[in-house]
Amino acid sequence: MLQVLTKSDYLLRETLIGLKRGGWMNWAAVSTVTVLLFLFGISLQASWQLEGLLTQFGSQLEVSVYLDTGIQAADLGSSVEAMPEVASVTTVTKEAAWSALLRDMGLADIQGATEQLNGNPLVDELKVKAKDAEAVPSLAQKLQAIQGVDQVLYVDEAVQRISQLNQGLNWLSFGMIVVLSLTAIAVITTTIRLIVMARRHEIEVMQLVGATTTWIYLPFILQGLVLGIVGAFIAWGLITGVQQFIASLLAQQSEFIQFLKITMRLSSQQSWLLPLSLLGLGCSVGLLGSLFAVRKFAVR
């Protein structure tokens, strides 16, 4: 136990000494990692929110199913509602649809208008809501194949636009994160390499007394991890501040904005996953940067 504490104390002390030797380069590395993780966190959160909005719109998207003449909506309503992709089904009889149409046209004499057209020209209709936006096209095909269905109509332009926006954001974020990750790794590598060079005489002494390569360079690797962790905490603090600021701006907005705010709210699982993702990426960048830095010296 005493030996473990001694080794831990040595690693902690050497890590802190190395960070002090880094000086302003530490801040350059932390700043780069912070920018990387901040943009990564914002893009990840935006992607989750757009997916939630896409799902919400999809669940509210109605598919209008017009039946053949003589087929009643009540006869097909239960079988359509039993489909796994369906959230709910509303039946609209041709009489109710005809009455609503004439009222919208400003005609009060429903019976007279019906007699002039030799009867009600409309058919029964089913208004079907899907559980998932992605299931709407396949659901429409299944509904069209049902015997007694004449036509299936739905408007999916809004869902498609949101889906395309989400895909474009994901690709843009991926490219941006890759570039910034390489930049952060390069900055951390330079920082750790300068620290190693500044302590090269101490390292030579340790090598002469028989210290292993792992024991010599492990503190430098820990320094890279520390830089990544610090950047992750700062980025998480900035993201939290931005979230609170936007929430305060939207507090007094219209009902539609409030609907979007509720719809795009992160789940409890996502609220935990976001900081963990920041920490994981920060540690990975810091570890890779420090490993690249010490590799050149360790292989000598």
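For A130, nonlocal amide neighbours, meaning residues 5 or more places apart or on other chains whose placed amide H falls under 5 Å from its own, are L61, V63, A87.
Can you tell me how much longer the chain between V178 and S78 gets when fully stretched, taken as 0.36 nm per residue apart minus their C-alpha distance, in nm with one decimal?
Details: separation 100, 0.36 × 100 = 36.00 nm, distance 5.08 nm.
Extra length available between V178 and S78 comes to 30.9 nm.
Sorted ascending by nearby beta carbons within 10 Å, beginning with the fewest, R21, R295, R193 become R295, R21, R193. With a Förster radius of 45 Å applied to the C-beta separation of W171 and T213, the computed FRET efficiency comes to 0.60.
Cβ neighbours within 10 Å, averaged per peptide: list 70-76, 41-47 in order, most packed at the top.
My ranking of the peptides, most packed first, is 41-47, 70-76.
Among W236, W215, W48, the ranking by other beta carbons within 10 Å of each residue's beta carbon, starting with the fewest, stands as W215, W48, W236.
A simple spin-label model places pseudo-atoms 7 Å from Cα toward Cβ; at S267 and T240 they are separated by 2.3 nm. Sorted on the mean count of surrounding Cβ atoms within 10 Å across their residues, most packed first, peptides 194-200, 175-181 read 194-200, 175-181. Counted by neighbouring Cβ atoms within 10 Å, the residues I192, I146, I246 run from fewest to most as I246, I146, I192.
Since every read-out is calculated from the coordinates, none of them should be taken as a lab result. Remember, predicted model here, so these are calculated numbers, not experimental data. So basically every Cβ, Gly included, is an ideal-geometry build from the backbone, and we count neighbours across all protein chains shown.
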